[in-house]
Amino acid sequence: MTSEVVEQTAAALPLLTRGLRPFPAPPVRIVHLGLGAFHRSHQAWYTQHAGDAGEWGIAAFSGRRPDAADTLSAQDGLFTLVQRSGDGDAFELVGSIVEAVDGANLQRLKEMVASRQTSVITLTITEAAYALDGSGALESSPLGRLVLALGARREAGAAPVAIVSCDNLAHNGAVTRNAVLNLAGRFEGLPDWIGANVSFVSTSVDRITPKPTTADLGLVADACGYLDAAAVVTEPFRNWVLSGDFPAGRPRWEDAGAVFVDDIEPYENRKLWLLNGAHSILAYSGLFRGHRTVAEALSDPICRDAVEEFWDEAARHLPASLGIPEYRAALLERFGNGRIAHHLAQIAMDGTTKLRMRALPVLAAERAAGRPGDGAARMIAAWLAYLSTTDGFQDPLAADINTANALKGSKRTAALVALLDPDLAGDAGLVFRLDALRAGFATAFPADISALDHAGRQGSGP
Ligand code: CS2
């Protein structure tokens with residue numbers, strides 16, 4: 001459906017609001033930063049499905065742009081979640097977000113964070129937003145704004161609160177604590193107050209949620225008979241593992257399937273390496289080889305083989321008790337759901353931040369065990385191949401990538417790898433190996449994959 005058709009539909013259909021579809025509006029006790037599609041398909045869904053959902057409403061603040069907040073605000077926070085499986089769509093109204101606010105509205109953020117009712121602050125601000133060097137105006141970054149709002153909570157004398165990072169970072173609770181304390185150091189006594197009053201919860205989050213398209217909105221209009229410009233399409237699968245304290249209480253998310261554990265690290269690693277790592281391999285190798293979506297890339301044996309090889313490697317460093325073969329099988333099914341058009345370009349963004357989390361730990365573990373770590377190295381090689389074909393990428397280190405990209409041969413490879421880890425860039429053997437692995441992605445789509453080795457070269461045969 002084109003945007004023109006959507007506009008015509010808009011004229012013909014009523015807008016989704018709580019007036020059109022009466023829906024309970026629970027009191028706000030959760031403040032969320034980063035009002036994107038993933039927040040709507042994940043934390044907002046879990047909160048709606050908690051046994052005590054009636055006590056927990058969300059005030060969600062948008063990120064860089066006000067658009068999502070404006071759209072959702074016009075709908076009183078209400079939106080449709082389309083759960084798309086291989087054989088059909090299920091539509092559900094989600095009403096746990098009761099206030100949607102422009103992220104630039106610092107005054108409202110301060111009020112909401114300072115409120116005695118607020119017990120939980122959740123974050124989906126993207127991985128790259130945690131890498132702050134401590135300089136710059138606090139107003140211009142989500143964590144900076146959070147620190148200003150925590151200052152307001154201290155002044156208001158409100159009770160302890162939990163901050164829950166829902167971004168794909170290893171040790172996201174500790175990473176958030178460090179970043180927040182670092183920024184809070186600008187205010188006398190604030191780090192101590194945070195140390196005594198703020199708990200940082202670590203989580204591993206999972207639900208594949210592509211950026212919604214105009215066609216998705218048209219589908220919701222057709223199926224539901226209202227215009228919902230904030231609808232989100234997601235897969236039926238969802239997972240949430242959490243570890244940490246909630247000093248002022250929390251929704252009973254466990255009723256919706258969330259799991260609370262003491263040691264989150266194995267769960268984080270399983271998700272970040274197996275799901276997100278595979279995503280990065282598919283994104284870079286897939287885009288390089290002319291594919292657009294995850295399902296398309298997975299059907300290319302060169303890309304799929306690279307994923308399996310990386311999984312074999314990563315699995316050696318994950319506890320067998322986590323059911324790795326079953327997890328891998330489920331991932332193949334999820335990635336293969338061709339009805340979810342998960343665009344590789346969306347996953348390809350912020351490569352330097354993501355690869356540090358997805359490829360480097362497995363590479364380091366393999367090398368420590370005396371093996372080359374080709375599976376993890378191939379993920380980096382795919383990124384190198386992808387960067388040779390485009391300058392239209394988004395990355396926090398985009399300027400450095402462009403400088404490195406202008407170099408040739410192994411100098412280029414080393415300069416790009418240095419952006420991930422300077423020590424690795426000094427390893428001439430690894431740089432040489434990365435160039436060889438990169439060449440493997442250029443092999444034409446093979447008619448008979450059994451004739452190829454992992455690098456996509458014709459095998460010499462028995
Ligand atoms: C993806 C994730 O964009 C990406 O980097 O790997 O957003 C992924 O879809 C989610 O983590 C799934 O839970």
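Of all residues in the stretch 141-188, exactly one satisfies the criterion of being part of a helix (DSSP H, G or I) and without any contact (Cβ under 8 Å) to a residue 12 or more places away in the chain, namely ASN178. Checked against (1) away from the ligand (no atom under 16 Å from the Cβ); (2) under 23 Å from ASP262 (Cβ atoms); (3) of a type outside the set (Phe, Trp, Tyr), ALA156 passes all but condition (2). Note on the stretch 334-443: enclosed helices (runs of 4 or more DSSP H) holding 2 or more residues that are free of Cβ contacts under 8 Å to residues at least 40 places away in the same chain are 360-368, 398-405, 409-420, 422-425, 428-440.
Would you say ASP374 is of a type outside the set (Lys, Arg) and more than 16 Å from the ligand (Cβ to nearest atom)? It is true that ASP374 is of a type outside the set (Lys, Arg) and more than 16 Å from the ligand (Cβ to nearest atom).
Residues of the stretch 233-276 that are of a type in the set (A, V, I, L, M, F, W, C), part of a helix (DSSP H, G or I) and within 14 Å of the ligand (Cβ to nearest atom): LEU272, TRP273, LEU274, LEU275. Residues in the stretch 391-404 that are under 26 Å from the mean Cα position of the chain (by Cα) and not charged (D, E, K, R): GLY392, PHE393, GLN394, PRO396, LEU397, ALA398, ALA399, ILE401, ASN402. Restricting attention to the stretch 188-215, the residues that are within 21 Å of ILE340 (Cβ to Cβ) and either away from the ligand (no atom under 16 Å from the Cβ) or surrounded by fewer than 17 Cβ atoms within 10 Å (Cβ to Cβ) (or both) add up to 4. Within the stretch 197-230, the residues that satisfy the criterion of being under 30 Å from GLU155 (Cα atoms) and in a strand (DSSP E or B) are VAL198, SER199, PHE200, VAL201, SER202, THR203. Among the residues making up the stretch 125-140, those that are hydroxyl-bearing (Ser, Thr, Tyr) and not in a loop (DSSP other than H, G, I, E, B) are TYR130, SER140. Can you confirm whether ARG270 is closer than 27 Å to LEU72 by Cα and modelled with pLDDT of 95 or more? Taking the combined requirement at face value, the residue does not satisfy it.
Taken together, the criteria place ASP76 among residues that are among the acidic types (Asp, Glu), under 27 Å from ARG21 (Cβ atoms) and surrounded by fewer than 23 Cβ atoms within 10 Å (Cβ to Cβ).
Set side by side, the residues ASN172, ASN178 differ, and just one is more than 30 Å from ARG339 (Cα to Cα) and more than 16 Å from the ligand (Cβ to nearest atom), which is ASN178.
The values are calculated or read from the model by the stated rules, or taken from the named source; none is laboratory data. In this text the structure is predicted, and so the values were computed from the model without any measurement. For neighbour counting, all protein chains shown are included, and Cβ atoms are generated from backbone atoms with ideal geometry for every residue, glycine included.
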